[in-house]
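The values are calculated or read from the model by the stated rules, or taken from the named source; none is laboratory data. Fair warning: this is a prediction, and the values are worked out from it, not measured in the lab. A quick note on method: Cβ atoms are made from the backbone with ideal geometry, for glycine too, and the neighbour counts reach across all protein chains shown. Heavy atoms of the whole protein, side chains included, go into the accessibility calculation; ligands, DNA and RNA do not. Shrake-Rupley method; radii C 1.70, N 1.55, O 1.52, S 1.80 Å.
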Amino acid sequence: MEMSAIAALAPVIPVLTIERQADAVPLARALVRGGLRVLEITLRTGGALEALRAIASEVPDAVVGAGTVLNARQLDQARQAGARFVVSPGCTPALATAASASGLALLPGVQTVSEAMALVERGFTLLKFFPAETAGGLDWLKAVAAPLAGLRFCPTGGIGPGNAASYLSLANVACVGGSWVAPKDAVAAEDWPQIERLAAAAATLKRP
Ligand code: 3PG
């Protein structure tokens, strides 16, 4: 599945950093019940690949990917664990080459116009804009819409219920990413109904 088709499945991609293995499947189920099917598991915890593997096999309605993928080795580990896509905070030529060779969808991160242009040259049309709020936020996306026509973004970093709708109203925003739909304290308390409610609210956000 191409990254643009995955991004079309939901307006928000939850960014999940899973500390306890046992949380992975119930957390994914709560988000999917709420209407968010595309899930990014960051490779920042020891059990991240195991969590990804469990979700891939036990939550068939989820389209699960790996986040914080920094190199070809991690991309391969994610693919073997069942990832349908990978997300990187920035990008290197080696990572882009590895993604093309593996056939796995990559959502590569950019923060500048030159970085975006380099990825357009490699055939990418959907990029993660990271860290969105720090790197210029809505103004940056509006400013690049004309010069980078045809390119779309998944802004991530600093996005929440207060600004997600504004990002999603932009024509060059395909979807947004964020951790707000799975707050740490709700996960720690195994408050899956709260997470389902947050997901349901996020899932109703409109795109142009
Ligand atoms: C991340 O890498 O943690 C994501 O950018 C999520 O950022 P957020 O916690 O600001 O949503």
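Yes/no per residue for (1) touching a helix residue (DSSP H, G or I) at 6+ places or on another chain (Cβ under 7 Å); (2) surrounded by 17 or more Cβ atoms within 10 Å (Cβ to Cβ); (3) acidic (Asp, Glu):
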| site | (1), (2), (3) |
| --- | --- |
| SER179 | no, yes, no |
| ALA189 | no, no, no |
| ILE195 | yes, yes, no |
| LEU205 | yes, yes, no |
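For every residue, the table says whether it meets (1) among the acidic types (Asp, Glu); (2) at pLDDT 95 or above; (3) closer than 20 Å to LEU9 by Cα.
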{"position": "GLY109", "(1), (2), (3)": "no, yes, yes"}
{"position": "ALA118", "(1), (2), (3)": "no, yes, no"}
{"position": "LEU126", "(1), (2), (3)": "no, yes, yes"}
{"position": "PRO131", "(1), (2), (3)": "no, yes, no"}
{"position": "ALA149", "(1), (2), (3)": "no, yes, no"}
{"position": "LYS206", "(1), (2), (3)": "no, no, yes"}
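At least 3 residues that are touching an Asp or Glu at 6+ places or on another chain (Cβ under 8 Å) and more than 16 Å from the ligand (Cβ to nearest atom) in each: list the helices (runs of 4 or more DSSP H) lying fully within the stretch 1-101 that qualify. So that I can check it myself, show each step before the final result.
Details: elements: 3-7, 24-34, 48-58, 72-81.
The helices (runs of 4 or more DSSP H) meeting that bar are 24-34.
Can you name the number of the only condition in (1) touching a Leu at 6+ places or on another chain (Cβ under 9 Å); (2) surrounded by fewer than 20 Cβ atoms within 10 Å (Cβ to Cβ); (3) among the aliphatic types (A, V, I, L, M) that ALA94 fails?
Answer for ALA94: the failing condition is (1).
Do you know which of the residues in the stretch 124-134 that are within 13 Å of the ligand (Cβ to nearest atom) and open to solvent by 10 Å² or more (accessible area, probe 1.4 Å) is nearest to PHE85 (Cα to Cα)?
LYS128
Residues are listed down the side, and each one gets a yes or a no for (1) buried (at least 23 other Cβ atoms within 10 Å of the Cβ); (2) among the hydrophobic types (A, V, I, L, M, F, W, C):
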| position | (1), (2) |
| --- | --- |
| GLU40 | yes, no |
| THR45 | no, no |
| LEU52 | yes, yes |
| ILE55 | yes, yes |
| ASP61 | no, no |
| VAL64 | yes, yes |
| VAL69 | yes, yes |
| GLN77 | no, no |
| GLY82 | no, no |
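Could we say that PRO26 is in contact with a helix residue (DSSP H, G or I) (Cβ under 9 Å, 6 or more places away or on another chain) and modelled with pLDDT of 95 or more here? Give the steps one after another, and end with the answer.
Numbers: in contact with a helix residue (DSSP H, G or I) (Cβ under 9 Å, 6 or more places away or on another chain): yes; modelled with pLDDT of 95 or more: yes.
Yes: the conditions hold for PRO26.
Collect the residues in the stretch 11-34 that are within 18 Å of CYS154 (Cα to Cα) and surrounded by fewer than 24 Cβ atoms within 10 Å (Cβ to Cβ), keeping them in residue-number order.
PRO11, VAL15
Can you tell me which residue is farthest from ALA72 (Cα to Cα) among those in the stretch 107-123 that are outside any helix (DSSP H, G or I) and open to solvent by 30 Å² or more (accessible area, probe 1.4 Å)?
The selected residue is THR112.
Restricting attention to helices (runs of 4 or more DSSP H) lying wholly within the stretch 135-208, give those where 3 or more residues are free of Cβ contacts under 8 Å to residues at least 40 places away in the same chain and away from the ligand (no atom under 15 Å from the Cβ).
Where helices (runs of 4 or more DSSP H) fall fully within the stretch 135-208 and carry at least 3 residues being free of Cβ contacts under 8 Å to residues at least 40 places away in the same chain and away from the ligand (no atom under 15 Å from the Cβ), they are 137-144.
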